[in-house]
1. I'd like the residue in the range 3-57 that is out of contact with any strand residue (DSSP E or B) (no Cβ under 8 Å at 6 or more places or on another chain), among the polar types (S, T, N, Q) and assigned to a loop (DSSP other than H, G, I, E, B) and, out of all such residues, is nearest to TYR108 (Cα to Cα).
2. Among the listed residues PRO114, PRO145, identify the single one that is surrounded by fewer than 18 Cβ atoms within 10 Å (Cβ to Cβ) and modelled with pLDDT of 95 or more.
3. Would you point out the residue of the range 67-79, among those that are part of a loop (DSSP other than H, G, I, E, B), polar (S, T, N, Q) and surrounded by fewer than 16 Cβ atoms within 10 Å (Cβ to Cβ), that is modelled with the lowest pLDDT?
4. Sort through VAL113, VAL57 and tell me the only one that's free of Cβ contacts under 8 Å to residues at least 40 places away in the same chain, touching a Pro at 6+ places or on another chain (Cβ under 9 Å) and over 15 Å from VAL11 (Cα atoms).
5. For the range 37-68, which positions are among the aliphatic types (A, V, I, L, M) and closer than 16 Å to THR88 by Cβ?
6. Does the range 139-154 contain at least one residue that is under 17 Å from SER7 (Cα atoms) and either out of contact with any helix residue (DSSP H, G or I) (no Cβ under 9 Å at 6 or more places or on another chain) or of a type in the set (A, V, I, L, M, F, W, C) (or both)?
Amino acid sequence: MSIYQFSATTVTGEQQSLEEYKGKVVLIVNTASRCRFTSQYQELQKLYETYGKDYFVILAFPCNQFLNQEPETNKEIINFCQINFGVTFPVFAKIDVRGSKADPLFTYLSKKVPGLLGNFIKWNFTKFLIDSKGEVYSRYAPTTPPSNLTADIEELLIQAKDHEQ
């Protein structure tokens, strides 16, 4: 199984298959606009600008499950991201990332690579790095700055380009 078996709802309400990202290194992040880690959007955007387009993409999934830190509508969330951080990577519709109503993608990711406290999402800005075959490579804590992922991203990008040839 890989992330390609899943789909996500865009901010405009359309279903999008994650198979669209086949062959790319993918960083999946659950986000929130009122979190102490919200400034990570800036580093995420920098990663996207550095590695994005052909072989790398970041997928943001807003979530309001942690202290009501993402109460805005989908439209307000995307506007916030674009105005305050210049976000150009895909931001999807707000979802739950844990519990009985958790999005199936995050249930899969959490079980595939459990965190220190078990197979659930502990907080906003938990990050999952996916290789170009759609397999989970690693999980990173909310406190891990996105810039700390560059070595892992670069390693996976080399592998992705090698597989393409």
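1. Ranking the candidates gives THR12 first.
2. Details: PRO114 fails: modelled with pLDDT of 95 or more.
Just one listed residue meets the conditions, PRO145.
3. We begin by selecting, within the range 67-79, every residue part of a loop (DSSP other than H, G, I, E, B); these are 67-73.
Next cut, polar (S, T, N, Q) only: 68-69, 73.
Those left that are additionally surrounded by fewer than 16 Cβ atoms within 10 Å (Cβ to Cβ): 68, 73.
Numbers: ASN68: 87, THR73: 91.
The qualifying residue modelled with the lowest pLDDT is ASN68.
4. Values: VAL113 fails: touching a Pro at 6+ places or on another chain (Cβ under 9 Å).
Answer to the selection: VAL57.
5. If we filter the range 37-68 for residues that are among the aliphatic types (A, V, I, L, M), which is where we start, we get 44, 47, 57-60, 67.
Matches in the range 37-68: LEU44, LEU47, VAL57, ILE58, LEU59, ALA60.
6. Just the residues of the range 139-154 that are under 17 Å from SER7 (Cα atoms), to begin with: none.
No, because not a single residue in the range 139-154 is under 17 Å from SER7 (Cα atoms) and either out of contact with any helix residue (DSSP H, G or I) (no Cβ under 9 Å at 6 or more places or on another chain) or of a type in the set (A, V, I, L, M, F, W, C) (or both).
So that you can scan it fast, the table gives a plain yes or no per residue for (1) over 14 Å from the mean Cα position of the chain (by Cα); (2) more than 23 Å from SER147 (Cβ to Cβ); (3) not basic (Lys, Arg):
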position	(1), (2), (3)
GLU19	yes, yes, yes
LEU27	no, no, yes
THR31	no, no, yes
SER39	yes, no, yes
GLU43	no, no, yes
LYS53	yes, no, no
PHE56	no, no, yes
LEU59	no, no, yes
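Table: residues versus (1) in a strand (DSSP E or B); (2) at pLDDT 95 or above.
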| position | (1), (2) |
| --- | --- |
| ALA60 | yes, yes |
| GLN65 | no, no |
| CYS81 | no, no |
| VAL87 | no, yes |
| ASP96 | no, no |
| LEU109 | no, no |
| LYS122 | no, no |
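The values are calculated or read from the model by the stated rules, or taken from the named source; none is laboratory data. All values reported here derive from a predicted model rather than from experimental measurement. Neighbour counts are summed over all protein chains in view; Cβ atoms, including those assigned to glycine, are modelled from backbone coordinates with ideal geometry.
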